[in-house]
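The values are calculated or read from the model by the stated rules, or taken from the named source; none is laboratory data. The model shown is predicted, which means the values in this text are computed figures rather than measured ones. Every residue, glycine as well, gets a Cβ built from its backbone with ideal geometry; the counts of neighbours run over all protein chains shown. When the accessible area is computed, the model is the full protein with side chains, heavy atoms only, and any ligands, DNA or RNA have been set aside. Shrake-Rupley method; radii C 1.70, N 1.55, O 1.52, S 1.80 Å.
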Amino acid sequence: MRNLLNVVLFLPSVGALLLLFLPRRPSAIRIIALVFSLATFVLSLGLLAGFQASSAEMQFITDKAWIQSPTIRYYIGVDGISLFLVLLVTFLSVLCVLVSWRSVQEHVKEFFFFLLLLETGTIGVFLALDLLLFYVFWEVTLVPMYFLIGIWGHERRIYAAVKFFLYTSIGSLLMLVGIIWLHNVFGTFDYLSISHGIAIGALKLSYPQQFWLFLAFFVAFAIKVPLFPLHTWLPDAHVEAPTAGSVMLAGVLLKMGAYGMLRFCLPLFPDAAQHFAPAIIALAIFGIIYGALVSMVQPDLKKLIAYSSVSHLGFVVLGIFCFNEIAIAGALYQMINHGVSTGMLFLLVGMIYERSHTREISRMGGLATPAPALATYFLIASLSSIGLPLLNNFVGEFLILVGVKQARLLYTVLGATAAVLSAIYMLWMYQRVFLGETADHNKHMPDLNAREKLILFPAVALMVIMGIFSPYFLRRIDASTAAILNKGGLAPKQHVRINDTPHPFVGSPGTVSVPWVSKRMHSAHPSGDSERRP
Amino acid sequence: MTLDAAGLLAILPLLIIGAGTMAVMAAIAMKRNHKAAAALSFAAIIVALISAWMPSSVGTRAVTPLLTVDDYSRFFTTVLLVLSAGVILVSFAYLDTTAARREEYYLLLLTGTIGALVLPSASHYVALFLGIELLSIPLYALLAYLPHRERPLEAGLKYLVLAGASSAFLLFGIALLYAETGSMAFGAVAAGQLATPAMVLILVGLGFKLAIVPFHLWTADVYQGAPAPVGAFIATVSKGAVIAVTMRLLFESGALSWTAVRMLLMIMALGSMFAGNVLALMQTNVKRLLAYSSISHLGYVLMGIQIGGALAVRAVAFYVMAYTASVLLAFGVVSALSAGQKEPEELSELEGLFWTRPWMGVMLTLSMMSLAGVPLTVGFMGKYYLLAAGADSSAWLLSIGLVVTSAIGAYYYLRVVVAIYSSPPEPTQAYQRVTWPASFALMLATAVVLWLGVYPRLGLHRLDLAGSLRSAEQRSTATTR
């Protein structure tokens, strides 16, 4: 149990190394890759079982010296913020192995090697508690992703892979300078002791220091998210990547940016975060609308979903930078939702591409007739992405909007347009792809086979579970998001605001995990804390 | 100061390589045998390596006024010897298929190595000049070692002219300094009007050798023209030795605190970082690309020297090790794959390398990743230590320069990686079969690149590198008083 987290982190890379020594028999390699990713997923469920829901502390901590002079430690742990992101990685990795079963026929060994390596890298990003260790994992994810796009991608894969690598590595080098600067100021890379020191006032950064450090970290994260003017690498990378690459990219790699903002920008540089918040919110809202509008006119199915990611992630950034507990919990929830829904959409697009060898929407149409199951799954994923109640995205979007409203009504109004716009572009796309006349060349398109259904069913199940049983997830997220705000000293001001607003749906602060219906009843109680920590 | 037994023991590596050179010469005179010549040279280097770390070799010892043997020189001696050994291993298979007369190559290589070994322990301008000439003169011949090829001859001639010019600058600078202080020791304190111009002239001379901006114009042609193993020798042993002596010279003479010298170093460092990386962007020839990349990496090294201080000295020492290991790997792969007259140096010739020769492809990829500074390779740790040193002394301009140019640099290293993993052309390239000495050297370099990248505990902190330099400075100031 003590080493569970280490096992989850390194099991995929053990599998990757094992693959190197296997003979080039594709079937054996696929099975080994599946076994390792599945085992990682099952073990990561063990994390969920052993996780103390009410605690905001890091759990499953491992802390070992790694490099001396200057001290860099192998220091990992999981809390409510990272727990579900780790689960998301392990879950999507299994689906990625399965979806690549037939679609990857060339260089099978190397493909699964990089896929498993990517899994370790991304899990590491979410677990690292040493700043330099975080940077190392952050950069290490780049290399396998670069190869996944560059070798197994579509026509313009090399352009896309290089663009992806350069954009992200420029951002992360800035972050490296920031990390070294922080080390220079505080003499440690230990995230927990720095953030704790800042929270209790023992450590202090002057405002100019905060200003530059915030920028150095934020640009790296904003490129990854991607926030509006820095998003241009995303459509290329998504369109050219193989299906598994797109799924990991949309499902996990984009979350690394939002996770970084939440984990580092807010608690470490609270003053600068507050100073920059209006500008960031403006960019986020612009990105929400811009992404949605650009999606609407895309002739390419994959590009459409890629731009919808820009819109959705803008929503997440909006939620984070309103410094409101409800909005942040919603943003985190939305990160996971987006991973599941958009991940599934990319899986489906990949399946369509395998059948018709095109991503052009105009060459599709009426696909529901030959492939009704495919159409049904696609419809569910689209509705989830739109934010239909009872599906997962609804909960996240709703929480963000409720939380953002505490900051400013205008933000909510502008942000809510995303819900309308997403309905327009997703449903219009659905109509053009699946309804109407079936073109001749699509008349005999085969429907989903058993393996594909096996891939899609868990994702759909998860959407429904996350849509209905959201308290189960939010209860585990809650304490940590509250702690993040408290650490930065960003919380109290917001609390006052919440209490000022006599709104039936918004009860006492810090009770995001209690669904709003019951919250209305609870709001009669004077103390919100008693609910959160029974 | 007389030369006693302890002093001889301290410079044993030098003597052993010297004896080894003689032995190789004698062996060639008796009977030409490529294997024997290579094995003898390799053995000499290994014995010298062991002798550098005998139990008696601790502390600081001045051996005649010319040489000082201390932790600093021992560290660089070790690095340079290992690199020479690597170059010999890589050269063996290469020469087997290309050159008609192969044995003299090792003579030249060993002589160059003697020159390189003199430099890290030089504490006197005479030793500096002797070392540099001893290193350069064999290189003229080595560069043009394959006389039936056009490019190597051109490269040899270019290097001859430029090295001659740079020696002239160096000598002029030394002469001015001597006129000022009346001493040829590094530690002689120069405070007069001639001191700054003299030091600038010396730096110009050394700058030519290091190929830093604005003295970098020769480097691409020479790298491209050089036979791949000789290119490896220039890029690793020659550069490493000159860096070692430059750093000691600047520290011990106290020139590092002169405003003009600091300014000059800063401009040269920034210029090299930017020019090297920008010029490399459009190269399609791997050897030219490595030449331009070496300019930028020397800019990073110069940044470390300019920063000064204990942390920076250690960072520079580490960086030299990191850079030379990575670049030896790159040149090693190119020369290991060279078949007969043809070196696979154009990017188009490396296309699909991974799919035809997976291990070579992986090694070249690692080398490029390390040069680009991707974490978990030694190149990243090198850059990290430099940045840490930069942050420690608030050298933000240089640090930002390093970061920005590293980002530019990633692009062209990626181009090589792209070529390695693109689908192989039809018909596939005919590469040489890799022999075991070369693969041994390559595996060693790979191990260094990975091991030091993942777990950089070298015991470097136990070596008092900066202490060696500072104590010499203090000693010299003490004696002049």
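Heavy atoms of the protein chains alone define the surface here; on that basis the protein assembly as shown has 34 Å² accessible area per residue at 1.4 Å probe size. Computed from the Cβ-Cβ distance with R0 of 45 Å, the FRET efficiency linking B:ILE46 to A:LYS204 stands at 0.20. If you take the alpha carbon atoms of chain A and fit the smallest convex hull around them, that volume is 134 Å³ per residue. For A:HIS107, B:HIS148, the ranking by accessible surface with the largest value first comes to B:HIS148, A:HIS107, using a 1.4 Å probe. When peptides B:343-354, A:270-281 are sorted by average Cβ neighbour count within 10 Å, with the highest value leading, the order is B:343-354, A:270-281.
Annotation for segment A:15-114: GluC sites (Glu not before Pro) lying in DSSP loop with at most 16 further Cβ atoms inside 10 Å of their Cβ are A:GLU57, A:GLU106. Over the residues of chain A, the helix contribution to mean residue ellipticity at 222 nm works out to -24000 deg cm²/dmol, using -39500 (n - 2.57) for each DSSP H run of at least 4.
In this label model, B:VAL362 and B:VAL126 are separated by 5.3 nm, measuring between points 7 Å along each Cα→Cβ vector. Residue-normalised convex hull volume from the C-alpha trace of segment A:223-280: 65 Å³ per residue.
With the gyration tensor restricted to C-alpha atoms of segment B:285-366, the semi-axes of the equivalent ellipsoid amount to 31, 13, 9 Å, longest first. Spatially, segment B:353-408 and segment B:69-114 are offset by 26 Å when compared through their Cα centroids.
Peptide A:341-351 has a mean of 0 when you count, residue by residue, the C-beta atoms of other protein chains within 10 Å of its C-beta. Reported value for the protein assembly as shown: 164 Å³ per residue, from the convex hull of its C-alpha atoms. Taking Cβ atoms as reference points and 15 Å as the exclusive limit, the residues near A:GLU437 contribute a net charge of +2, counting Lys and Arg as +1 and Asp and Glu as -1. Summing +1 for each Lys or Arg and -1 for each Asp or Glu among the other residues whose beta-carbon sits under 14 angstrom from that of B:GLY373 gives 0. Under 23 Å Cα-Cα from B:LYS239, which lysines qualify once same-chain neighbours fewer than 8 residues away are excluded? Here the lysines satisfying the reach criterion relative to B:LYS239 are B:LYS158, B:LYS209, B:LYS287, B:LYS383. Angle of helix B:125-143 to the longest C-alpha principal axis of chain B, folded into 0 to 90 degrees and rounded to 10: 10°. Extending 7 Å from Cα along the Cβ direction at A:SER103 and again at A:VAL7 yields two label points whose distance is 3.2 nm. Against chain B, whose longest principal axis comes from its Cα atoms, helix B:378-392 is set at around 30 degrees. What share of Cα pairs, in percent, lie more than 12 angstrom apart in segment B:1-51? Within segment B:1-51, distances greater than 12 Å cover 64 percent of Cα pairs.
With Cα atoms as the point set, segment B:218-262 shows a radius of gyration and Dmax of 14.6, 41 Å. Take each residue in B:400-413, count the other chain C-beta atoms within 10 Å of its C-beta, and the mean is 3.
For the chain pair A and B, the buried solvent-accessible surface (1.4 Å probe, both sides summed) amounts to about 2900 Å².
Only alpha carbons enter this Debye calculation for segment B:110-227, each as an equal point scatterer, and the log10 of I(q)/I(0) it gives at q = 0.10 Å⁻¹ is -0.33. Dividing the summed -39500 (n - 2.57) terms of all DSSP H runs of n ≥ 4 by the residue count of chain B sets its mean residue ellipticity at 222 nm at -24500 deg cm²/dmol. Scaled against the 2.2 N^0.38 Å expected of a compact globular protein of N residues, the Cα radius of gyration of segment B:191-245 reads 1.37. Computed FRET efficiency, Cβ-Cβ of B:ALA100 and A:ILE61, R0 51 Å: what is it to the nearest 0.05? With a Förster radius of 51 Å, E is 0.20. Per-residue Cβ counts within 10 Å, from other chains only, averaged over A:168-180: what number is that? The per-residue average across the peptide is 5.
If R0 is taken as 25 Å, the Cβ-Cβ distance between B:ALA26 and B:ALA165 corresponds to a FRET efficiency of 0.10. The angle between the Cα long axis of helix B:150-181 and the longest principal axis of the Cα atoms of chain B comes to about 10 degrees, rounded to the nearest 10. Look at the alpha carbon pairs under 8 Å that are at least 6 residues apart: their mean separation over the length of chain B gives a relative contact order of 16 percent. Put simply, segment A:315-460 fits an ellipsoid with semi-axes of 34, 16, 10 Å; these come from the alpha carbon gyration tensor as the roots of five times its eigenvalues, largest first.
Applying D = kT/(6 pi eta Rh) to segment B:5-478, where Rh is the Kirkwood radius over alpha-carbon pairs, T corresponds to 20 °C and eta to 1.002 mPa s, the Stokes-Einstein value obtained is 97 µm²/s. Summarising the label geometry, the points placed 7 Å from Cα in the beta-carbon direction at A:LEU22 and B:PHE440 lie 3.5 nm from one another.
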